[in-house]
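What follows is a set of notes on a single structure, which appears directly below.
Each reported figure results from applying straightforward, stated rules to the coordinates on display, with no laboratory input. In this text the structure is predicted, and so the values were computed from the model without any measurement. We place every Cβ from the backbone using ideal geometry, glycine too, and count neighbours over all the protein chains shown.
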Amino acid sequence: MYVGIDPGKSGAIAVLDDSGKILDVIDMPCQTIGSRVFPDGAAIAQVISKSRHACIELVSSRPGQGVVSVFTFGQGFGGVVTLCSALVDDVQLESPQAWQKHFKLRKKKGEKSLSKQQIADRCLALYPDAPLYGPRGGLKDGRSDAILIARFLYDQKQ
């Protein structure tokens with residue numbers, strides 16, 4: 001199985017089978033420790049434990065982000081990487097630019113980054129029934145990212 005992970009509170013985890021079909025997509029499970037929110041290691045372990053390959057989006061801080069939030073996010077990212085490296089034989093870290101380029105996603109002229117909708121549209125082109133929307137109909141962009149990260153990994157291994 002192939003796992004794609006978009007880390008962070010609004011991220012997600014996607015699992016594809018050996019034929020590239022979506023088996024599972026979940027929003028990033030989180031837990032509060034003290035006053036901070038971190039990925040829930042036990043819940044993540046349940047999802048990824050039977051996978052052979054995992055790809056985690058290599059994230060970084062952005063200008064203007066608060067020091068505490070960036071530090072907390074970095075701790076969570078490190079926890080996800082550590083957990084994957086303990087449970088999955090083949091773990092990769094890939095920049096957003098790498099997996100987005102694979103799907104020929106390009107930012108629009110004058111934009112600093114791709115829109116969430118562009119990524120969701122590409123995901124739906126590959127997986128028309130992908131569960132990208134929440135119960136109120138809003139786009140859960142972490143899900144489309146995680147699915148495409150998993151598919152990027154799947155395509156690399158074929």
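Spin-label point model (7 Å from Cα, Cβ direction): what's the Ser113 to Gln46 distance in nm?
It is 3.0 nm.
Highest mean first, what order results for 142-150, 46-54 on Cβ atoms within 10 Å? Display every interim value, and only then the final one.
Numbers: 142-150: 28.0, 46-54: 17.1.
By packing density, highest mean first, the sequence is 142-150, 46-54.
For the chain, just say rounded, prolate or oblate: build the C-alpha gyration tensor, square-root its eigenvalues into a ≥ b ≥ c, call rounded for a/c under 1.5, and beyond that prolate if a/b exceeds b/c, oblate if not.
Values: a/c = 1.44, a/b = 1.08, b/c = 1.33.
Taking the square roots of the gyration eigenvalues as a ≥ b ≥ c, the chain is rounded.
So what is the calculated 222 nm ellipticity per residue for the chain, using -39500 (n - 2.57) for each DSSP H run with n of 4 or more, over all residues, to the nearest 500 deg cm²/dmol? Could the numbers behind the result be given before it?
Working: 5 runs with 64 residues, N = 158.
My calculation for the chain gives -13000 deg cm²/dmol from helical runs alone.
Going through the DSSP H helices of the chain, which span 27 Å or more along their own axis at the Cα atoms while scoring at least -0.5 as a mean Kyte-Doolittle hydropathy?
Details: long enough: 67-87 (30 Å, 1.58).
Both cut-offs are met by 67-87.
Report the extension gain between Lys21 and Asp89 in nm, rounded to one decimal, defined as 0.36 nm multiplied by the number of residues separating them, less their alpha carbon distance.
Values: separation 68, 0.36 × 68 = 24.48 nm, distance 2.06 nm.
Computed gain between Lys21 and Asp89 is 22.4 nm.
If I stretch the segment between Asp155 and Arg106 completely, what's the gain in nm (0.36 nm per residue apart, minus their alpha carbon distance), one decimal? Spell out each step's value before the answer.
Values: separation 49, 0.36 × 49 = 17.64 nm, distance 1.91 nm.
Value of the extension gain: 15.7 nm.
With the contact rule set at Cα under 8 Å and sequence spacing of 6 or more, what percent relative contact order holds for region 2-155? Can you show the working numbers first?
Values: 259 pairs, mean separation 53.1, N = 154.
Rounded, it is 34 percent for region 2-155.
What nm distance separates the two modelled labels at Val67 and Ile33, each placed 7 Å from Cα along Cα→Cβ?
2.1
Which lysines have a Cα lying under 17 Å from the Cα of Lys9, excluding residues fewer than 8 positions away in the same chain?
The qualifying lysines are Lys116, Lys140.
Taking the Cβ of Gln100 as the center, what net charge do the other residues with Cβ under 14 Å away carry, scoring Lys and Arg +1 and Asp and Glu -1? Don't skip to the end; give the middle numbers.
On the way: positive: Lys101, Lys104, Arg106, Lys107, Lys108, Lys112, Lys116, Arg122, Arg151; negative: Asp6, Glu57, Glu94, Glu111, Asp121, Asp141, Asp145, Asp155.
Overall, the nearby charge balance is +1.
Mind sorting Lys9, Lys140 by how few other Cβ atoms lie within 10 Å of their own Cβ, fewest first?
Details: Lys9 15, Lys140 20.
Fewest-to-most ranking of Lys9, Lys140: Lys9, Lys140.
For Lys157, give me every one of the lysines with a C-alpha distance below 18 angstrom, ignoring sequence neighbours fewer than eight places off in its own chain.
Hits, sequence-local ones excluded: Lys21, Lys50, Lys101.
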